Each structure stands twice: as structure tokens, then as C-alpha cells.
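Data block below; observations after.
Read-outs throughout are calculated quantities, based only on the coordinates presented, and are distinct from any laboratory measurement. Owing to the predicted nature of the structure, the values given are computational and were not obtained by experimental measurement. Note that each Cβ is placed from the backbone with ideal geometry, even for glycine, and that neighbours are counted across all protein chains shown.
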Amino acid sequence: MQPMQLDPTDPVALTKALIRCESVTPADAGALDVVKAALSPAGFRCDRKVFVEAGTPDIDNLYARRGQTGPNLCFAGHTDVVPVGDASGWTSPPFEAVIKSGVLYGRGAVDMKGAIACFIAATHRYLAAHPEAPGSISLLITGDEEGPSINGTVKLLAWLKERGETLDACLVGEPSNPQALGDEIKIGRRGSLNGEIVVHGKQGHAAYPAKADNPVPKLVWLLDRLSSLVLDTGTANFEPSNLQVTVLEVPNTATNVIPALARAKFNIRYNDLHTRARIEEWVRLQCAAAARASGARYDLTFSGTGDVFLTKPGPLVATLSQAVHAITGRTPALTTGGGTSDARFIQAYCPVVEFGLVNATIHQVDERVAVADLETLTQIYQRFIAGFFAAHG
Ligand SMILES: [Zn+2]
């Protein structure tokens, strides 16, 4: 089916059209053409931006805006998807978008082509009911969320800022519900920090330890200290902060050789009692103390992006909660768990909340969405858009 022939008020047709684009990061495979074709008839001005950076794949992105004045309500999402995994394990081919017994199967069905389709359909329905709608509606769609997230949302936001474009509030359509629509709205995310420790020793014969310096016990000592200390016991909106050792490597295959170095990697998910800078400082102090006790010589480096953030309960959260309740009859919990999303970048520009489909099958074989959920989410989004502009009217 050509994108032009789609009914832009039908979230199921839009979701199917998007799934049929094999947009595994970094490929776009026509997905943004589908979005653009669905938005243009409603008066959206669509800008496509390809961002490039040496050593990373080029990424196609889209910013669409309808309206000239504020407030500007932005929907953020991604059309890229993770690989299909074991293709033979799928009920139907992952890019065919087949419906069986009221369930639509396909990679990206819930993460998150379905939500993009629902937001487009909701926008068309809202504008049909409010042709003189105040303010602006915009969509910020990247092709780089499941990848390195370098040539996507971060650069698109910077480009918007350069142009003097303001976002007043943002809804990220990541699948936020564990079981059913209405479970949870994400109002923040923990920070995520990666660390790597390399302990240096001196290689030698295992029978002559005095002539060598074994880095392995020193690294273990250090990791034991990092792992066993309690960072905090959680806050009103966040789970306790947590450090997990994720990689342990000693490049050695011989049992009679003391190795020259030992390496470990770890990940810390931290809450709003901390900042990225303070967490790094805490790790440095703990490593220094452990190294003093063991005599370890080590290098410590940090990587990863995404500081902790919280959108405090206020008008934006209330408007979305009310929309969810009005359509589903359920009161969503306001949560901050789970992995990071592009909301971590957007929160530096405007208040941001996350609400989308059910996340039970994301990144799995047989990723799927109940067809009924696509209609329900469309109605929630339409109600949210109406509530947002009513509050600003
Ligand atoms: Zn996603």
C-alpha cells in the first residue's frame, strides 16, 4: 500500500504501514516517508534532517510542526527497531504486520511504531474536531533510539534550539505499561552510569609469586567494596540506587601464569538523591580507599549518557492522568523504573512524560499489540491533546 492511500485517522493501518518498513537501526527503509505522508495533509510542515558523525551511521530524522504560536505540544518517538532475533520463531514474518485473533504481530508493534501511529491518528481526529486549534502540535521522530543515540534526538533538539524553536511540553510514546493500558505513566528515569576499572599488575610464573604482582585479587577486593556498599534506600519517586558488575575479564589462558592485568565493567542506576558528577566522585573515592588497602594500581573511566530526572507532578502529569482515566477508567501509577529513553535528553528542554502501549513483548520474538489497544491509545492521546490545549486556552 502506498503511504498516500492510508487513512490517517486509522491507527491500525498506520501501524501496519510502519511495521512493513524494515527500519532496523540505522536503516529508515521508508518509515519516515509514511509519517510525513500521514502528517502533511493536516498542515504539518515536515523537516527531514540527516545527521552524520564520523564513526557512526548516518541517521534520518524528522521534525513536523503544525501551527506558528505557542504552546507547542510535542510528541517524541522513534521509527527504528531492534533486530528480529530468531526469524523462524515468529508466528508471522516480523515485517509483514499480520493480524491474528485481534493481535497485530510485527517488530516495532509496541516499541514504538504503534504509538506513533496512535498519535498521528489522534492528531487528525483532534484537528477535525478543533479546526481552529490554538498553539502548535509537533512530532520529533528519530531513527537512532535503539542504536547509539548520537545522530538522533540529541542533535535534533540542538538544531531546534538553534532555530529558536520552543517545545513547551513533551509526551514520549515509549511503551510504559507492564500489563494493560492505564498501568503507568513514567514521570522520570534513573540516571545510568557505566564504569570500567583496569587493575595493573606484573606478569610472572604462578610458582614464583614474589616476582610477579597479581592484579586479580586486587580487582576482586575493589569490586567487593563497590558492590556491597549501600548507596541509598530509595526516595518518594525512585527505587534504591544500584550498582551491578557486568563484565569481568582477565586476558589469560594459562593456569601457571600470573596475568598482567584484570578488567571489570559495571553499571550504576541511580536516583534523585544523586547527580552524575556526585556518583562519579563516590566511585572514585571508593576505588581509592580499596586501592590504598590492597596496593592496587588502576585506571578508572566512565561512559554513558543520561542523568537522573523527574517531572514533578503538575499540570502536564495531571492532564495525561486524567486522559488515561477518562478513557480506561484506571488511575495510572506515576513511576520512574525501567531503562533509559530519549526523555533523558528532552527533559533539559521542557517537562516530559512517557505513556505508550504495553511493554510485555518489546524486543522479543513475536512482538505484538492488541488491535483494540491501538484504538484505545488513540483516544487517550486525543483526550490528552484536547486537555493540554484547554488548560492553556
Ligand atoms: Zn522504544
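Relative to the compact-globule estimate of 2.2 N^0.38 Å, the Cα radius of gyration of the range 124-279 comes out at 1.63. How big is the Cα convex hull of the range 191-303 in projection, averaged over all directions, in nm²? Average of the hull's projected areas for the range 191-303 equals 7.1 nm².
Report the net charge of residues surrounding K202, where surrounding means a beta-carbon distance below 14 angstrom and charges are Lys +1, Arg +1, Asp -1, Glu -1.
+2
Averaged over residues, the count of other Cβ atoms within 10 Å places the peptides 46-59, 141-154 in the sequence 141-154, 46-59, highest first.
The Cα center of the range 26-42 and the Cα center of the range 257-324 differ in position by 37 Å. Rounded to two decimals, the Cα radius of gyration of the range 1-155 over 2.2 N^0.38 Å is 1.05. With a cut-off of 14 Å between beta carbons, the residues surrounding I258 carry a summed charge of +2, where Lys and Arg count +1 and Asp and Glu -1. Packing around the peptides 115-123, 210-218, 17-25, 383-391, taken as the average count of other Cβ atoms within 10 Å per residue, puts them in this order, highest first: 115-123, 17-25, 383-391, 210-218. Taken over the C-alpha atoms, the range 310-379 has Rg and Dmax values of 13.7, 38 angstrom. Taking the number of Cβ atoms within 10 Å of each Cβ as an exposure proxy, the fewest-first ranking of T235, T301, T311 is T301, T235, T311. Against the empirical 2.2 N^0.38 Å (N residues), the chain has a Cα radius of gyration ratio of 1.13.
Each of K100, K161 was scored by other Cβ atoms within 10 Å of its Cβ. Arranged with the fewest first, they read K100, K161. When the alpha carbon gyration tensor of the range 294-338 is reduced to an equivalent ellipsoid, its three semi-axes come out at 43, 11, 8 angstrom, largest first. Shown in residue order for the range 188-202 are the 3J(HN,Hα) couplings computed by the Karplus curve 6.51 cos²θ - 1.76 cosθ + 1.60 at θ = phi - 60°: x, 9, 5, x, 10, 10, 9, x, 9, 10, 10, 9, 9, x, 9 Hz (x for Gly and Pro). The range 100-175 and the range 335-393 have Cα centres lying 9 Å from one another. Provide I99, I197 in ascending order of the number of other Cβ atoms located within 10 Å of each residue's Cβ, fewest first. Taking fewest neighbouring Cβ atoms as first place, the list is I99, I197.
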